[in-house]
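Before any comments, here is the structure.
Computed from the coordinates by the stated procedures, all read-outs in this text should not be read as laboratory data. It should be emphasised that the depicted structure is a prediction, and the values quoted were computed from it without experimental measurement. Every residue, glycine among them, receives a Cβ derived from its backbone with ideal geometry; neighbour counts consider all protein chains shown.
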Amino acid sequence: MRIIVTGGAGFIGSALIRHLIENTREKILNIDKLTYASSMESLIDVSQSQRYKFLDLDICNMSALNAVFEEFKPEAVINLAAETHVDRSISSPAVFIQTNIVGTFNLLEVTRVYLEKAENHLVKKFRFLHVSTDEVFGDLPHPNYQMDANELKFTEKSAYAPRSPYAATKASSDVLVRAWQQTYGLPTLITNSSNNYGEYQFPDKFIPRIITNALRGKPLPVYGNGENIRDWLHVRDHARALYLVLTNGRIGESYNIGGNSERQNIDVVSIICDTLEILSANRPSGTSRYSALIEFVDDRIGHDLRYAIDTTKIETELSWQPEYQFEKGLIETIAWYINNQAWWKKLVV
C-alpha cells in the first residue's frame, strides 16, 4: 500500500513512520513543512529504506498537493500535520487556524478530486485517516470533586467542547472530515488520542520540558497546584493503534486511543525527579535535589482539568491495548533524554 503521511517529521508522525517501515511492507511518502517541532534526526533509522521518501511541503499549498497525489498515487492518507502546542495557540492562534483547519480542508479537497478521477479498484480500498486529540472534548471532573468521576471518561460519542484555540482548530478539522465523509462519501476515519510521551518529543512539551530543565538545573514549572490530570499514552502504542485503525477500522467511524494511565501533573514531575536521582545522580551545580527545582506557576488560561479516554471501542473492534505501563515507559523516556542530550540541547533556549 502506498501511504502519504503528513507531518511525518513530527513527534507522533516520525514514530508512526518508524513503525510502518520496521513492521510492515507499506511504501511511505512523508510530507512535512519542517517547522520548529520537526526533526529529521528522528527518521535517520528509516531514511535509507527503499520504501520511504520525504518531501518538504506545506499542506496549505493545494496545487503542490495535487501534483504529489498525481505522481505518488496514494492508496491511503494519514494526516498528522498540525500545530499542537496549547500555549503557542493562545499567543499565536492564526497559524493554528491556517494549518489545522485550512490545511485539513486542502487535503480533503485534493483527496476528493483525486478519487473522482481514480479507477474503481483504488477508490474501493482508499482510506483517509485524520489524527486528532482528546482535547476536542473539553475536560472532565477531577476525581476529588465527585464520587463517580473515575468512571467518567471520553467516549467516541462525547460532545465536542474545546477550551483552547488549539483544541478548537482540531475540533474544526474533525468536523470537516466528518462532513466530507457524509457529503462526498470520502472514506475517512478519525482517531482522538490522549497525551503522548516517548523519544524525540520536542522539549516544549510537558514531560520533555521537565526532564530537560531538570538536567540543566532550571526551574520545573508546574501550572496551578499540579492537580490537573492527563491520560498518558506511549507514542509507540499510538503508532500501532493508528495502523490498526487505518487497515481495519470501519469507514466513517472514530476511535479513541488512550494509555489507561491517568496521573496528576505533580505526580509525573515527582516520578521524573525521583528517577533522575538514580539515573543522573551528578546533579547540575547548585541543585541539592531535583525536586527542589519544582516551581508552581500561575495557571494557564482555560487549563483543562482532566482528560481520560475510554478505549473500549478500539479494544473490542480492533483488539488493541496499550503495551507500555506508564512508569516503566516514563523511566525509559527519561533515560533516552539523558542519553541523547546532543539532540535536544540544540532545541532548547
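Against the longest alpha carbon principal axis of the chain, how many degrees, from 0 to 90 and to the nearest 10, is the axis of helix 265-279 turned? Orientation of helix 265-279: about 70 degrees from the principal axis. Take the cross-link list LYS53/LYS157; LYS33/LYS170; LYS170/LYS328; LYS53/LYS328; LYS33/LYS153; LYS33/LYS53 and give me the ones stretching past 26 Å between alpha-carbons. Violating the 26 Å Cα-Cα cut-off are LYS53/LYS157; LYS170/LYS328; LYS53/LYS328; LYS33/LYS153. Once backbone amide H atoms are built at 1.01 Å from N, ALA161 has PHE137, GLY138 as its partners under 5 Å, excluding neighbours fewer than 5 places away on the same chain. Using a ≥ b ≥ c from the Cα gyration tensor of segment 33-121 (square roots of the eigenvalues), is it rounded, prolate or oblate, where a/c under 1.5 gives rounded and otherwise the larger of a/b and b/c decides, a/b for prolate? Cα axes put segment 33-121 in the oblate bin.
Under 20 Å Cα-Cα from LYS218, which lysines qualify once same-chain neighbours fewer than 8 residues away are excluded? Reachable lysines: LYS205, LYS345, LYS346. Straight-line reach from LYS117: which lysines fall under 21 Å, measuring Cα to Cα and dropping same-chain residues less than 8 apart? Straight-line reach from LYS117, under 21 Å: LYS73, LYS125.
Among SER164, SER288, SER173, a tally of other beta-carbon atoms within 10 Å of each Cβ gives an order, fewest to most, of SER288, SER164, SER173. Quick one: of the DSSP bridges fully inside the chain, what percent are antiparallel, nearest 5? So the antiparallel bridges amount to about 10 percent of the total.
For segment 10-135, the relative contact order works out to 25 percent when only alpha carbon pairs closer than 8 Å and six or more residues apart are counted. Using alpha carbons only, how many degrees (0 to 90, rounded to 10) separate the axis of helix 103-117 from the longest principal axis of the chain? In the chain, helix 103-117 runs at an angle near 30 degrees to the longest axis.
Expressed to the nearest 5 percent, the antiparallel share of DSSP beta bridges inside segment 214-349 is 40 percent. Relative contact order of segment 16-59, taken over Cα pairs closer than 8 Å and 6 or more residues apart, is 51 percent. Along segment 298-313 the Karplus relation, 6.51 cos²θ - 1.76 cosθ + 1.60 evaluated at θ = phi - 60°, assigns HN-Hα couplings of 3, 5, 5, 4, x, 5, 5, 6, 8, 10, 7, 9, 8, 9, 4, 5 Hz to successive residues, with x for each Gly and Pro.
Proximity of backbone amide H atoms, modeled 1.01 Å from N, is registered between HIS130 and ASN79, LEU189, ILE190, THR191 at under 5 Å, excluding neighbours fewer than 5 places apart on the same chain. Each part reduced to its alpha carbon centroid, segment 194-239 and segment 1-36 end up 23 Å apart.
For segment 277-332, the set of GluC sites (Glu not before Pro) satisfying both a DSSP loop assignment and a count of at most 12 other C-beta atoms within 10 Å is given as GLU323.
If you run the Gaussian network model on the chain, springs between alpha carbon atoms under 10 Å, then out of ASP310, ASP174, ASP45 the most flexible one is ASP45. Seen against the Cα atoms of the chain and their longest principal axis, helix 206-215 is set at about 40 degrees.
Per residue, the average separation of C-alpha pairs within less than 8 Å and at least 6 apart gives the chain a relative contact order of 18 percent.
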